[in-house]
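Report on the structure given below.
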DNA sequence: ATTCATGCAAATCGTTTGCAACCCA
DNA sequence: TGGGTTGCAAACGATTTGCATGAAT
């Protein structure tokens with residue numbers, strides 16, 4: 001996982017300033033045990049550290065982090081984007097198992113579609129750069145306690 | 001592909017009324033050559049047939065169709081939902097190739113993840129009900145004309 | 001006749017933008 | 001110093017909701 005030093009170097013190298021709000025948002029993302037936070041989750045935590053931080057700033061910082069590949073965004077069909085710090089820069093994205101009963105999101109490490117990508121390039125002339133996979137179903141816990149919801 | 005008769009039967013069977021706006025939206029979805037229409041595309045076409053139809057109605061009808069599995073929704077990361085009539089009721093969804101250069105969306109028929117689903121159930125106890133795959137890259141045409149955009 | 005569905009307008013929600021003040025390099 | 005950044009508030013666009021009217025069964 002990326003650390004504070006690497007983070008500030010990346011910002012500087014790309015010509016961006018290392019500002020208070022950027023540091024705070026980075027800390028929130030890297031230190032929070034909550035995963036897949038949305039902008040307002042991040043804002044709430046950020047305000048605990050820097051009470052005068054504005055919502056617009058959080059959106060702008062998250063967009064910048066995404067552009068710099070520090071973060072990537074995730075759509076869980078709940079009307080807002082969610083954000084995740086990238087673990088590494090090897091270009092391999094992980095995917096998500098989403099429980100339709102309790103809403104829990106689990107991560108799936110496998111690199112799923114390599115063979116398929118080659119096939120697509122051959123047959124369709126479409127060069128694959130990235131893929132996102134969401135898998136919906138029922139998690140182990142909800143299978144055992146169907147009455148929970 | 002589902003036809004008008006089947007459509008009205010499904011509505012009735014589920015206890016919903018066969019209304020003008022529902023017929024119009026169904027016709028728009030099934031007759032338009034535009035695929036992956038968003039709500040305002042649908043509204044525009046629907047108004048050509050029934051000029052007094054309201055936006056809220058279109059949203060309500062699309063949500064109903066989705067609930068009835070007549071339609072499913074698609075997120076192309078452009079800030080609105082897009083809708084597609086289901087081709088069949090076999091539960092198999094198709095997936096999408098999205099060109100990052102020209103925005104074109106192509107469909108991919110393959111049923112991608114069957115083996116993986118079995119693996120997930122075994123190792124994680126997570127019962128898979130559905131999956132959505134989006135593949136990003138560059139289409140054949142844009143590869144040949146890199147200057148287009 | 002009764003219930004469900006509609007159209008309209010206002011409300012909401014997430015996100016973006018304009019702009020003057022501010023702060024890092 | 002000076003331009004990138006910020007905070008605030010207003011603007012925005014997609015979607016939802018309240019409600020009185022209207023239509024399907």
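No lab work stands behind these numbers, since they all come straight from the coordinates. Everything numeric here is computed off the predicted structure, so don't read it as measured data. With ideal geometry, Cβ positions are generated from the backbone for all residues, glycine too; neighbour counts draw on all protein chains shown.
Observations
- Take residue B:15, move 7 Å from Cα toward the beta carbon, and the resulting point lies 6.2 nm from the same point in each other copy, nearest first.
- DSSP-defined antiparallel bridges as percent of all bridges, chain A, nearest 5: 75
- GNM flexibility winner over chain B from B:48, B:119, B:100 (Cα, springs under 10 Å): B:119
- Here residue B:143 yields copy-to-copy label distances, from shortest upward, of 4.0 nm, the label point defined as 7 Å from Cα along Cα to C-beta.
- Here the Gaussian network model covers chain B, with springs between Cα atoms less than 10 Å apart; of B:82, B:132, B:22, B:132 fluctuates the most.
- Of all the options B:52, B:78, B:27, the one that moves most in a Gaussian network model of chain B with Cα springs shorter than 10 angstrom is B:78.
- Taking N as the residue count of the protein assembly as shown, its C-alpha radius of gyration divided by 2.2 N^0.38 Å amounts to 1.14.
- Burial ordering of A:88, B:81, fewest other beta-carbon atoms within 10 Å first: A:88, B:81
- Across chain B, the mean sequence separation of Cα contacts (distance under 8 Å, 6 or more residues apart), normalised by length, yields a relative contact order of 18 percent.
- Here the residues A:24, A:42, ranked from fewest to most Cβ neighbours within 10 Å of their Cβ, fall in the order A:24, A:42.
- q = 0.18 Å⁻¹, chain A: log10 I(q)/I(0) [Debye, one scatterer per Cα]: -1.12
- Average beta carbon contacts from partner chains per residue of B:95-102, 10 Å cutoff: 2
- Taking every C-alpha pair closer than 8 Å and separated by at least 6 residues, the mean separation divided by the residue count of the stretch A:1-89 gives a relative contact order of 31 percent.
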